[in-house]
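The values are calculated or read from the model by the stated rules, or taken from the named source; none is laboratory data. Since we're looking at a predicted model, the values are computed, not measured. Heads up, the Cβs are rebuilt from the backbone with ideal geometry, glycines too, and the neighbour counts pull from every protein chain shown.
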């Protein structure tokens with residue numbers, strides 16, 4: 001599949017010497033849009049209308065399955081009164097206007113795209129709509145109140161004109177200082193539109209992922225990295241590889257060795273013949289077992305840093321009850337292995353790939369190559385799964401460096417084994433949960449977390465670009481937090497709980513040694529909900545109360561979790577499972593969205609069979625109700641893989657797993673029936689990409705306890 | 001190097017390849033047919049599934065020389081034309097199956113092969129036929145429903161291999177919302 005004509009023209013410009021369009025980021029002057037077109041109506045970075053009347057939305061978020069492609073188009077379409085399918089969606093290049101108000105960078109993560117852009121994108125579209133309406137009024141010599149926009153036209157009782165006929169007038173009008181957004185009761189698409197605009201391309205094989213890009217005369221590269229993290233090549237002998245069919249170059253690239261050939265298979269075959277001598281890895285001798293033992297030691301030896309404290313310690317009266325929980329490292333295992341296509345010239349570098357944070361990648365590539373950010377362009381593609389893995393820039397930097405050092409257009413393609421062993425893993429974590437119980441009442445709930453810090457992992461492993469000057473205050477603050485030995489991701493989901501007990505406390509001890517870790521779908525919530533909601537179940541059991549009733553008794557009166565939990569319980573027939581099945585429940589809030597899940601299981605021969613998951617979600621209003629449901633289904637299956645199978649182990653600084661036979665993913669025959677119910681509210685929308693994951697593991701573990709009496713405090717769940 | 005001649009989506013292909021090259025890389029790198037995906041390289045995930053004389057194979061582990069003189073169908077060749085959809089693709093749209101979409105070419109090829117041999121598969125048949133295709137986004141419940149729906153569609157157009165959707169218009173697809181348990185206001 002050829003790269004789009006637009007992209008090809010841009011890349012031709014690079015090959016011809018010099019970027020076609022430079023960015024001016026100096027001072028506070030508004031930088032020209034990378035997608036600027038002189039003839040278009042383009043009052044803001046998000047939307048433009050071409051002279052032919054085509055409405056183009058710049059998708060400034062990465063589509064990785066979560067539905068943002070459709071969601072953003074739907075929000076824009078609403079204000080323009082047009083069917084979302086009529087909008088052309090283009091993947092945006094970096095521009096400062098695409099930076100988030102919360103993260104201060106252009107990034108897709110934290111289930112925040114819809115939540116943060118519900119107003120921004122509608123305002124951008126409403127501005128275009130206001131200009132078109134004013135232009136139509138002038139065109140027809142009618143008051144604006146006499147006409148409406150509809151599906152790409154301005155219409156009034158006696159006639160209509162397409163947007164194409166309004167562009168010239170609209171371009172001459174001043175942008176409105178203020179726009180009025182539609183009232184939710186007038187929404188035609190938001191809350192009603194249920195299709196996916198990217199579905200057709202994805203069922204016909206036409207969707208373009210990074211790995212699908214072709215570039216004239218590009219070579220395919222495979223990169224040989226030290227199996228132990230951080231190790232660099234000392235010497236290598238590529239004489240045999242260079243004699244293989246199709247092989248063009250074998251070069252050292254920043255401690256690794258790249259084999260460049262005409263095709264992937266040629267490069268991969270030749271790579272197997274390269275003789276390598278690796279230097280010592282800074283993580284040699286590190287094992288996941290010894291890291292866990294160290295965490296258990298740190299639980300005893302370190303006080304850690306207090307993250308949250310509510311109530312008076314003196315209220316913690318009665319008998320103390322402790323339980324220690326553990327979770328392992330996890331890989332993201334996106335279906336599309338990491339890859340990037342890069343073209344380097346003396347003037348700059350262009351990269352085509354699927355990535356979640358082009359802003360950070362620009363800085364990292366600049367850092368690695370010596371080019372300025374303004375000399376680098378990243379053309380985002382569909383992501384064959386992200387889950388947080390593609391927040392990292394490592395594979396873009398690798399491709400850029402190979403292209404720079406080889407002087408050839410190059411597509412770097414990782415194998416599944418590269419992907420499994422070169423990930424930034426969900427951190428392993430150990431938590432000591434503790435409670436005091438007096439007169440059958442829980443008087444305190446305490447959590448002490450021992451885990452490595454993800455932001456610390458950035459500092460340690462992600463090149464040396466963590467503190468460039470351009471980095472805005474938001475990230476500087478987070479890094480500042482590191483110096484104070486805190487990492488919000490390590491304790492999120494334990495703190496800000498809606499449970500009310502007389503004394504509550506969370507402490508964090510940072511484990512300093514780790515393999516590279518990163519942001520894994522739902523981040524800290526992925527393990528902390530397991531700890532919290534399993535332990536809540538333990539407390540219900542110790543005080544002989546029904547798990548749903550116990551939660552309702554201790555959740556704050558105004559907690560959003562109550563309704564969601566009640567809905568799930570009602571829909572799942574809580575307390576009345578089919579014969580031979582047992583139920584477990586969990587409710588958790590993450591990324592401002594509340595999800596409750598009830599899992600029905602049976603257990604025989606030490607095997608856990610998951611029959612059904614009933615899920616209730618409250619995410620404010622849904623932009624696309626079916627995508628909300630899809631994301632809950634997705635989170636549940638993702639959570640089941642982690643709860644039943646997921647475990648990355650490390651021996652002597654190297655990951656032991658390599659492919660889907662030893663890092664198994666849930667399959668069709670293991671996939672349960674899933675029902676999803678929404679608590680519909682009029683509140684502004686919150687995210688759904690991640691919140692479906694956290695409650696699954698505890699709900700399942702609680703169901704296994706109900707079935708067997710075994711309290712499993714480690715993931716993946718293994719019956720003894 | 002070895003010469004290879006085979007039929008791809010009804011068209012004769014002749015090219016020269018390194019012996020042992022898996023069919024997947026012939027499709028993707030030699031012929032720029034990128035609808036078929038690379039996922040694992042070991043036949044474990046099914047993303048690379050294509051049809052060899054109508055039967056599903058994992059093209060990442062299938063040496064291309066063995067398809068010599070035979071017929072390969074990929075996702076690009078399922079429908080009769082660019083403007084048409086195979087009933088399985090149609091059902092996938094109606095059930096809103098794809099998320100990231102990367103595995104879906106392989107899923108669809110496996111489902112088409114299942115339905116070619118079994119016009120009304122049970123859930124157990126689907127489990128068995130589809131267990132070799134991993135979806136990391138977790139679209140399994142919808143794939144199951146879409147296969148049942150495709151069986152209905154195929155029955156309705158038993159004589160034709162494809163459902164004509166001329167100049168595809170997303171607005172014209174009627175989403176099957178029976179799976180949507182929607183809008184509980186409590």
Hey, residue A:709 at pLDDT 95 or above and buried (at least 19 other Cβ atoms within 10 Å of the Cβ) or not: no
Residue count, region A:537-580 (criterion: under 14 Å from residue A:698 (Cβ atoms) and touching a residue at least 60 places away in the same chain (Cβ under 8 Å)): 7
Of residues in region B:145-176 being outside any loop (DSSP other than H, G, I, E, B) and at the interface with chain A (Cβ under 7 Å from one of its Cβ atoms), the one modelled with the highest pLDDT: B:171
Residue count, region A:227-245 (criterion: surrounded by fewer than 20 Cβ atoms within 10 Å (Cβ to Cβ), assigned to a loop (DSSP other than H, G, I, E, B), away from chain B (no Cβ under 12 Å) and without any contact (Cβ under 8 Å) to a residue 60 or more places away in the chain): 2
The lone exception for residue B:120 - which of (1) at the interface with another protein chain (Cβ under 10 Å from one of its Cβ atoms); (2) modelled with pLDDT of 95 or more; (3) surrounded by fewer than 19 Cβ atoms within 10 Å (Cβ to Cβ); (4) not in a helix (DSSP H, G or I) it fails: (1)
Given (1) in contact (Cβ under 8 Å) with a residue 60 or more places away in the chain; (2) surrounded by fewer than 20 Cβ atoms within 10 Å (Cβ to Cβ), number of the condition residue A:272 does not satisfy: (1)
Boolean, residue A:248 is in a strand (DSSP E or B), in contact with a strand residue (DSSP E or B) (Cβ under 9 Å, 6 or more places away or on another chain) and more than 17 Å from residue A:397 (Cβ to Cβ): yes
Residues that are within 11 Å of chain A (Cβ to nearest Cβ) and either under 13 Å from residue B:57 (Cβ atoms) or assigned to a strand (DSSP E or B) (or both), drawn from region B:11-25: B:16, B:17, B:22, B:23, B:24
Of the criteria (1) out of contact with any strand residue (DSSP E or B) (no Cβ under 8 Å at 6 or more places or on another chain); (2) surrounded by fewer than 15 Cβ atoms within 10 Å (Cβ to Cβ); (3) within 30 Å of residue B:63 (Cβ to Cβ), which one residue A:301 fails: (3)
Any hit, region A:329-339, residues being buried (at least 17 other Cβ atoms within 10 Å of the Cβ), more than 14 Å from every other protein chain (Cβ to nearest Cβ) and under 22 Å from residue A:509 (Cα atoms): yes
Residues that are within 18 Å of residue A:77 (Cα to Cα) and either at pLDDT below 95 or out of contact with any helix residue (DSSP H, G or I) (no Cβ under 8 Å at 6 or more places or on another chain) (or both), drawn from region A:154-166: A:155, A:162, A:164
Options A:692, A:687; residue that is in contact with a helix residue (DSSP H, G or I) (Cβ under 7 Å, 6 or more places away or on another chain), closer than 23 Å to residue A:110 by Cβ, within 12 Å of chain B (Cβ to nearest Cβ) and touching a residue at least 12 places away in the same chain (Cβ under 8 Å): A:692
Of all residues in region A:633-652 being surrounded by 21 or more Cβ atoms within 10 Å (Cβ to Cβ) and assigned to a loop (DSSP other than H, G, I, E, B), the one that is farthest from the other protein chains (Cβ to nearest Cβ): A:647
Region A:286-313 residues that are touching a residue at least 12 places away in the same chain (Cβ under 8 Å), paired with ones that are crowded, with 16+ Cβ neighbours inside 10 Å and assigned to a helix (DSSP H, G or I) (beta carbon under 6 Å, 6 or more apart): A:307/A:491
Residues (touching a residue at least 40 places away in the same chain (Cβ under 8 Å) and in a loop (DSSP other than H, G, I, E, B)) located in region A:653-676: A:653, A:657, A:658, A:659, A:660, A:663, A:665, A:672
Members of region A:62-101 found to be within 14 Å of chain B (Cβ to nearest Cβ) and within 25 Å of residue A:522 (Cβ to Cβ), listed by number: A:62, A:63, A:64, A:65, A:66, A:67, A:68, A:69, A:70, A:71, A:74
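Conditions (1) surrounded by fewer than 21 Cβ atoms within 10 Å (Cβ to Cβ); (2) in contact with a helix residue (DSSP H, G or I) (Cβ under 7 Å, 6 or more places away or on another chain); (3) touching a residue at least 40 places away in the same chain (Cβ under 8 Å); (4) under 30 Å from residue B:94 (Cα atoms), marked per residue:
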site: A:100; (1), (2), (3), (4): no, yes, no, no
site: A:106; (1), (2), (3), (4): no, yes, yes, no
site: A:120; (1), (2), (3), (4): yes, no, yes, no
site: A:128; (1), (2), (3), (4): no, yes, yes, no
site: A:135; (1), (2), (3), (4): no, yes, no, no
site: A:142; (1), (2), (3), (4): yes, no, no, no
site: A:150; (1), (2), (3), (4): yes, no, yes, yes
site: A:177; (1), (2), (3), (4): yes, no, no, no
The listed residue being within 14 Å of another protein chain (Cβ to nearest Cβ) and either touching a helix residue (DSSP H, G or I) at 6+ places or on another chain (Cβ under 7 Å) or over 26 Å from residue B:134 (Cβ atoms) (or both), out of A:587, A:655, A:564: A:564
Residue that is at pLDDT 95 or above and more than 32 Å from the chain's Cα centre (by Cα), where the choices are A:336, A:302: A:302
Which numbered condition residue B:82 fails, given (1) surrounded by fewer than 24 Cβ atoms within 10 Å (Cβ to Cβ); (2) in contact with a strand residue (DSSP E or B) (Cβ under 9 Å, 6 or more places away or on another chain); (3) over 19 Å from residue A:336 (Cα atoms); (4) at the interface with chain A (Cβ under 10 Å from one of its Cβ atoms): (2)
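The rows are residues; the columns are (1) in a loop (DSSP other than H, G, I, E, B); (2) over 16 Å from residue A:53 (Cα atoms); (3) outside the structural domain of residue A:57 (by TED's automatic domain parsing).
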position: A:138; (1), (2), (3): no, yes, no
position: A:142; (1), (2), (3): yes, yes, no
position: A:145; (1), (2), (3): no, yes, no
position: A:155; (1), (2), (3): no, no, no
position: A:160; (1), (2), (3): no, no, no
position: A:169; (1), (2), (3): no, no, no
position: A:179; (1), (2), (3): yes, yes, no
position: A:185; (1), (2), (3): no, yes, no
Residues located in region A:680-701, provided they are outside any loop (DSSP other than H, G, I, E, B) and within 24 Å of the chain's Cα centre (by Cα): A:696, A:697, A:698, A:699, A:700
Among (1) under 30 Å from residue A:89 (Cβ atoms); (2) buried (at least 22 other Cβ atoms within 10 Å of the Cβ) - the single one residue A:214 does not satisfy: (2)
